[in-house]
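This report refers to the structure that appears directly beneath it.
The values are calculated or read from the model by the stated rules, or taken from the named source; none is laboratory data. All figures in this text were calculated on a predicted structure; none of them were measured in a lab. Positions of Cβ are backbone-derived with ideal geometry, glycine not excepted, and every protein chain shown enters the neighbour counts.
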Amino acid sequence: MYNSLTSLINKENNTSIPRESFDNYIKLLNYFNEVSFSNLILQLISTRTKE
């Protein structure tokens, strides 16, 4: 699984992730996805209250 994911990430971002850092990379990725999702929800809520 590690090899598949890193190969995909390398192709998409031209980035190399060492095996030791892979867990941290995934945690950061999940965190930023949650933050983005939370911001999207807040924007939707604020838009609805303005209408």
Within segment 33-48, considering residues that are of a type in the set (A, V, I, L, M, F, W, C) and modelled with pLDDT of 75 or more, the one farthest from the chain's Cα centre (by Cα): 45
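This table checks each residue for (1) of a type in the set (D, E, K, R); (2) modelled with pLDDT under 75; (3) surrounded by 10 or more Cβ atoms within 10 Å (Cβ to Cβ); (4) out of contact with any Lys or Arg (no Cβ under 8 Å at 6 or more places or on another chain).
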{"site": "2", "(1), (2), (3), (4)": "no, yes, yes, no"}
{"site": "5", "(1), (2), (3), (4)": "no, yes, yes, yes"}
{"site": "11", "(1), (2), (3), (4)": "yes, yes, no, yes"}
{"site": "21", "(1), (2), (3), (4)": "no, no, yes, yes"}
{"site": "26", "(1), (2), (3), (4)": "no, no, yes, yes"}
{"site": "31", "(1), (2), (3), (4)": "no, no, yes, yes"}
{"site": "50", "(1), (2), (3), (4)": "yes, yes, no, yes"}
